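The values are calculated or read from the model by the stated rules, or taken from the named source; none is laboratory data. Please read these numbers as outputs of a predicted model, since none were measured by experiment. Every residue, glycine among them, receives a Cβ derived from its backbone with ideal geometry; neighbour counts consider all protein chains shown.
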Number of protein chains: 2
Amino acid sequence: MQETLNSWQAVHDEVLRRIHARDWAPGDLIPNETDLAAEFGCARATVNRALRTLAENGVLDRRRKAGTRVALHPISKAILDIPVIRHEIEQRGQTYGYVLLQQKLAVPQMQIQLAMHLAANTKLLHVKAVHMADNAPYVIEDRWINQNSVSGANSIDFSIISANEWLLSHAPYTHGDITFSAVAADAHKSELLAAQPGDALFEMHRTTWDHDIVITTVCLSYAPGHKMKTTL
Amino acid sequence: MQETLNSWQAVHDEVLRRIHARDWAPGDLIPNETDLAAEFGCARATVNRALRTLAENGVLDRRRKAGTRVALHPISKAILDIPVIRHEIEQRGQTYGYVLLQQKLAVPQMQIQLAMHLAANTKLLHVKAVHMADNAPYVIEDRWINQNSVSGANSIDFSIISANEWLLSHAPYTHGDITFSAVAADAHKSELLAAQPGDALFEMHRTTWDHDIVITTVCLSYAPGHKMKTTL
DNA sequence: CAGAATATTATGTGCAGACAAAATACATAT
DNA sequence: ATATGTATTTTGTCTGCACATAATATTCTG
């Protein structure tokens with residue numbers, strides 16, 4: 001019998017230890033909550049909290065009646081924090097700079113219209129800017145804002161505050177989608193980023209929504225060599 | 001007074017609704033758990049579960065005694081699921097293929113040695129393979145395995161099961177780090193991926209650990225045009 | 001007035017008991 | 001044999017209560 005584990009963290013750690021020690025191998029059914037609670041000398045709710053957390057992290061698979069088993073293929077979840085660009089740069093101790101290139105109403109390309117589920121010929125606010133780190137180009141922000149869904153967006157001067165930052169605190173979104181990819185720099189992007197045409201650029205496309213109304217679509221093109229890091 | 005909300009999900013949704021409706025603006029202190037429980041006609045534990053979940057998602061900031069407030073900069077968290085490559089391909093309804101290119105003991109380059117915190121001249125198992133989707137090259141897997149930390153790795157024939165898949169179910173890790181970047185294809189990679197030299201490739205570098213012992217480092221180079229998608 | 005001791009307050013977590021919901025296994029009826 | 005209904009098992013979650021813990025506010029003391 002086990003020494004009593006009366007915190008959900010202790011139970012969490014012990015279960016994880018057994019999995020790593022292969023006492024419980026991938027695919028194995030582990031004892032039910034009631035039995036584990038008895039073994040650990042704690043309440044079932046405590047075991048539940050521990051196992052639920054492990055399931056959220058993809059370590060366990062749980063199904064009512066079927067029980068709890070060790071995940072066969074522990075799905076790794078990488079959590080990417082997407083901060084405001086200014087914060088991202090300042091947190092590395094670099095000085096932040098910002099250059100607005102364009103701010104005008106226009107009808108976007110078909111591709112953007114589709115991504116935003118827009119009626120044809122809808123005019124959007126097009127904002128284009130470069131964010132600088134230590135006076136070197138860091139990332140190009142190419143953004144389309146749905147002025148109908150963001151009150152006041154028309155009257156903002158995005159040379160003072162970046163659209164990136166303004167939107168975050170003025171246009172809360174309910175959900176969004178995000179895509180990462182690699183593209184070769186065209187002449188325009190390479191010039192803005194002080195790079196060579198053809199250089200491989202890391203890009204992030206993001207569209208955010210307020211329920212079923214689109215707020216904004218942005219394409220961020222990072223300077224060559226950019227890496228996005230996180231942990232598992 | 002509110003209609004009774006007696007499930008944590010209902011409380012969760014109502015709090016989110018109020019934040020989104022700007023009843024509670026970013027930075028605002030919201031009522032404490034006891035008061036909310038009274039208002040919603042449920043137990044404090046139920047409110048706690050809802051608020052805790054929202055805090056985990058970055059929507060709320062909570063501190064003992066100081067109370068709960070709406071996050072000023074709702075840090076967007078994009079959760080990337082990193083599945084087994086075979087599953088990733090099969091889930092799209094494509095047929096999976098796999099070609100082992102190399103499996104031998106060798107001393108890795110300095111760069112890899114550093115990433116893995118290895119003593120100089122340590123021999124590792126080097127596995128190189130291409131994963132195919134519908135008979136087209138999908139991704140190059142270039143992997144180094146610390147044979148000392150993974151018992152049995154030496155006697156596995158990675159032409160039968162991919163290292164990617166075998167390791168996941170035979171070498172559980174405690175933590176890891178992961179980096180995404182864009183690189184231009186060199187002659188070797190472009191040939192393996194049926195691409196042109198200079199094409200922009202999406203790359204993922206991943207190193208996993210079992211406590212303080214390194215298990216494996218892998219570089220995945222995706223075919224041109226690859227996109228990694230998720231939601232916010 | 002400064003600094004230490006103490007009280008207060010909000011969240012964090014534990015416990016026991018209860019019932020709900022889902023999924024399976026088993027029994028029954030046609 | 002097949003379809004349907006019922007029992008059982010396991011996780012999911014709610015309740016009400018208690019105490020722990022962290023952070024702040026207040027009081028006491030020199």
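Pick from A:79, A:19: which is closer than 30 Å to residue A:139 by Cα, out of contact with any Phe, Trp or Tyr (no Cβ under 7 Å at 6 or more places or on another chain), within 12 Å of chain B (Cβ to nearest Cβ) and away from DNA strand C (no atom under 16 Å from the Cβ)?
Of A:79, A:19, the one residue that is closer than 30 Å to residue A:139 by Cα, out of contact with any Phe, Trp or Tyr (no Cβ under 7 Å at 6 or more places or on another chain), within 12 Å of chain B (Cβ to nearest Cβ) and away from DNA strand C (no atom under 16 Å from the Cβ) is A:79.
Looking at the stretch A:53-98, which of the residues that are under 19 Å from residue B:180 (Cα atoms) and without any contact (Cβ under 8 Å) to a residue 60 or more places away in the chain is nearest to the chain's Cα centre (by Cα)? Walk me through it before giving the result.
So in the stretch A:53-98, the residues under 19 Å from residue B:180 (Cα atoms) come out as A:75-85, A:88-89, A:92.
Remaining after also requiring without any contact (Cβ under 8 Å) to a residue 60 or more places away in the chain: A:75, A:83, A:88-89, A:92.
On the way: A:75: 17, A:83: 9, A:88: 14, A:89: 17, A:92: 19 Å.
In this case the residue turns out to be A:83.
With respect to residue B:137, determine if the residue is part of a loop (DSSP other than H, G, I, E, B) and closer than 19 Å to residue B:204 by Cα.
no
Any chance the stretch B:106-113 includes a residue that's out of contact with any Pro (no Cβ under 9 Å at 6 or more places or on another chain), surrounded by fewer than 18 Cβ atoms within 10 Å (Cβ to Cβ), modelled with pLDDT of 90 or more and among the β-branched types (Val, Ile, Thr)?
Scanning the stretch B:106-113, I find no residue that is out of contact with any Pro (no Cβ under 9 Å at 6 or more places or on another chain), surrounded by fewer than 18 Cβ atoms within 10 Å (Cβ to Cβ), modelled with pLDDT of 90 or more and among the β-branched types (Val, Ile, Thr), so the answer is no.
Yes or no: residue A:58 surrounded by 13 or more Cβ atoms within 10 Å (Cβ to Cβ) and not hydrophobic (A, V, I, L, M, F, W, C)?
yes
Looking at residue B:3 and the list (1) modelled with pLDDT under 90; (2) within 12 Å of DNA strand C (Cβ to nearest atom), which single condition is not satisfied?
(2)
Can you pull out the residues in the stretch B:220-232 that are surrounded by 20 or more Cβ atoms within 10 Å (Cβ to Cβ), out of contact with any Lys or Arg (no Cβ under 7 Å at 6 or more places or on another chain) and assigned to a strand (DSSP E or B)?
The answer is B:220, B:222.
For a quick check of your reading of the model, give me the residue pairs whose first member lies in the stretch A:31-51 and is within 14 Å of chain B (Cβ to nearest Cβ) and touching a residue at least 12 places away in the same chain (Cβ under 8 Å), whose second is outside any helix (DSSP H, G or I) and near DNA strand C (Cβ under 8 Å from one of its atoms), with beta-carbon atoms closer than 8 Å and at least 6 apart or on different chains.
A:46/A:6; A:46/A:7
Look at the stretch B:61-82 and say how many of its residues are over 26 Å from residue A:88 (Cβ atoms) and surrounded by 16 or more Cβ atoms within 10 Å (Cβ to Cβ).
1
Among what's in the stretch A:99-121 and is touching a residue at least 24 places away in the same chain (Cβ under 8 Å) and not aliphatic (A, V, I, L, M), pick the residue that is farthest from residue A:89 (Cα to Cα).
In this case the residue turns out to be A:117.
Name every residue in the stretch B:167-183 that is modelled with pLDDT of 85 or more and surrounded by fewer than 19 Cβ atoms within 10 Å (Cβ to Cβ), in order of residue number.
B:175, B:177, B:179 - these are the residues of the stretch B:167-183 that are modelled with pLDDT of 85 or more and surrounded by fewer than 19 Cβ atoms within 10 Å (Cβ to Cβ).
Can you pull out every residue in the stretch B:15-34 that is more than 30 Å from the chain's Cα centre (by Cα), in a helix (DSSP H, G or I) and within 14 Å of DNA strand D (Cβ to nearest atom)?
B:33, B:34
Which number in (1) within 11 Å of chain A (Cβ to nearest Cβ); (2) under 19 Å from the mean Cα position of the chain (by Cα) marks the one condition that residue B:183 misses?
Single failed check for residue B:183: (2).
Can you name the condition, by its number, that residue B:159 falls short on among (1) farther than 22 Å from residue A:232 by Cβ; (2) touching a Pro at 6+ places or on another chain (Cβ under 6 Å); (3) not in a strand (DSSP E or B)?
(2)
Give the residues of the stretch B:122-147 that are exposed (fewer than 13 other Cβ atoms within 10 Å of the Cβ) and touching a helix residue (DSSP H, G or I) at 6+ places or on another chain (Cβ under 9 Å), sorted by residue number.
B:134
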